[in-house]
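Each remark here refers to the structure printed beneath this line.
The values are calculated or read from the model by the stated rules, or taken from the named source; none is laboratory data. These numbers were taken from a predicted model, which means no experiment stands behind them. As a convention, Cβ positions derive from the backbone with ideal geometry for all residues, glycine included, and neighbour counts pool all protein chains shown.
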Amino acid sequence: MEPVDLIAFGAHPDDVEIGCGGLLMRSIATGYRVGIVDLTRGEMASTGTVAIRREESQKAAEVLGVNWRINLELPDRGITINDESLSKVVRILREARPRLIVAPYWEDRHPDHVACSQLVTEAHFNARLYKYLPELPPHQPRLIYYFLNHYQVEASFIVDISDYFEEKVKAIFCHYSQFGPAPEPTSLNTGAFMGAIRGWNQAWGALIGCTYGEGFYSKEALAIPDPVALLGGGSQAMPVRRNR
Ligand SMILES: [Zn+2]
C-alpha cells in the first residue's frame, strides 16, 4: 500500500467528504499525500446500490484529489470491534504509515459513525503494540483529529476551507444517489441537509474570521512550537489598533 501522510476514515462512502473534505483538499494542495478508508459500502442506505455507490465514491475521490481510496467492506449497520475489523484497520495503518488520522467524533446520531470512531481509536492504540500482528512492524500515527458531524461540540481547532468549500460541495454531490432527488425522501436528499452542511461550515468559519471552516477535536493537547507564526503574515500583518 502506497504510504501517505494522512488517512481519513469514514463509516460510509460519503462521510469523509462531509466531515473533512476541505481539510483533505487543503492538505493535498500543501503537498501531503492523503488516503481515504471507507469502512462499509453503504449498502443499507435507502437509495443507491453498492455498485453505484462504489462509482460515486471513486468520482468523489478524483474531485478531492486523494492518492487512494479503499473500502474495507465491513457490514453497514453492523460495524463491530472484533479481531477481524480491528486487524483490518491496524494493517492499513502499518502499511500506509500515516502521520495523522482523521476519524468521526465519537458522539453522533448515526451509530455507525460512533462505531467507526471507536474502531479507529482502538486500532490507533493497537498499531503500536509489538505483540499484536507481529508480522508487520508497529507504527502509531502521532494523533487522531476527530471531525465533527451532526453534533456541534466545541472544536480544538478550526481549519479555514474557504478556498475549497465549493469543490467540497462538488465532491459531496458526486454521491448523487444519496443527495440527488429520489422517489424515497431521506434526511439527505430533500435539500435541507446540504443547507445544513453550508451552515455548519459557515458557522465554523465565522469563529475564525473566514467564510468557511471545518472544526476538529483532538483528545491530546496540541503543541504549538511558534505561537506567533501560527497567526501568519509578517510583522505588519496585525497592526495594533488604538481606538482613541
Ligand atoms: Zn455516514
Inset, instruction - Give the residue that is surrounded by the fewest Cβ atoms within 10 Å (Cβ to Cβ), with candidates limited to residues of the stretch 117-154 that are within 16 Å of the ligand (Cβ to nearest atom) and assigned to a helix (DSSP H, G or I). - result: Gln118
Inset, instruction - Given the conditions (1) of a type outside the set (S, T, N, Q); (2) closer than 26 Å to Ile92 by Cα; (3) in contact (Cβ under 8 Å) with a residue 40 or more places away in the chain, report the number of the one that Ala155 does not fulfil. - result: (2)
Legend entry - Every pair of residues 6+ apart whose Cβ atoms lie under 8 Å, when the first sits in the stretch 188-213 and is charged (D, E, K, R) while the second is exposed (fewer than 13 other Cβ atoms within 10 Å of the Cβ) and in a helix (DSSP H, G or I): none
Legend entry - Evaluation of Ser57 against (1) part of a helix (DSSP H, G or I); (2) more than 16 Å from the ligand (Cβ to nearest atom) (one fails), failing number: (2)
Legend entry - the stretch 61-82 residues that are within 20 Å of His110 (Cβ to Cβ), paired with ones that are among the acidic types (Asp, Glu) and assigned to a strand (DSSP E or B) (beta carbon under 6 Å, 6 or more apart): Asn71/Asp38
Inset, instruction - Answer with yes or no whether Arg128 is over 27 Å from Ser46 (Cα atoms), modelled with pLDDT of 95 or more and more than 18 Å from the chain's Cα centre (by Cα). - result: yes
Inset, instruction - Return yes when Ala123 is more than 18 Å from Thr80 (Cβ to Cβ), within 17 Å of the chain's Cα centre (by Cα) and not β-branched (Val, Ile, Thr) and no when it is not. - result: no
Legend entry - Given (1) out of contact with any strand residue (DSSP E or B) (no Cβ under 8 Å at 6 or more places or on another chain); (2) under 17 Å from Asp76 (Cα atoms); (3) near the ligand (Cβ under 10 Å from one of its atoms); (4) among the aliphatic types (A, V, I, L, M), number of the condition Ala51 does not satisfy: (3)
Inset, instruction - Being among the polar types (S, T, N, Q) and more than 21 Å from Val120 (Cβ to Cβ) is the filter here, so list the residues in the stretch 46-84 that pass it. - result: Ser46, Thr47, Thr49, Gln58
Inset, instruction - Restrict the check to the stretch 64-86 and report whether at least one residue is under 14 Å from the mean Cα position of the chain (by Cα), in a loop (DSSP other than H, G, I, E, B) and within 14 Å of the ligand (Cβ to nearest atom). - result: no
Legend entry - Residue that is farthest from Leu148 (Cα to Cα) [pool: residues in the stretch 87-116 that are away from the ligand (no atom under 16 Å from the Cβ) and not in a helix (DSSP H, G or I)]: Arg97
Inset, instruction - Considering only residues that are of a type in the set (A, V, I, L, M, F, W, C) and buried (at least 24 other Cβ atoms within 10 Å of the Cβ), look in the stretch 1-18 and name the one that is nearest to the ligand (Cβ to nearest atom). - result: Ala11
Legend entry - Looking only at the stretch 171-228, and only at residues there that are within 19 Å of Gly42 (Cβ to Cβ), part of a loop (DSSP other than H, G, I, E, B) and small (Gly, Ala, Ser), the one that is modelled with the highest pLDDT: Gly180
Inset, instruction - Output yes when any residue across the stretch 19-42 is among the polar types (S, T, N, Q), surrounded by fewer than 24 Cβ atoms within 10 Å (Cβ to Cβ) and either within 16 Å of the ligand (Cβ to nearest atom) or at pLDDT below 95 (or both), and no when none is. - result: no
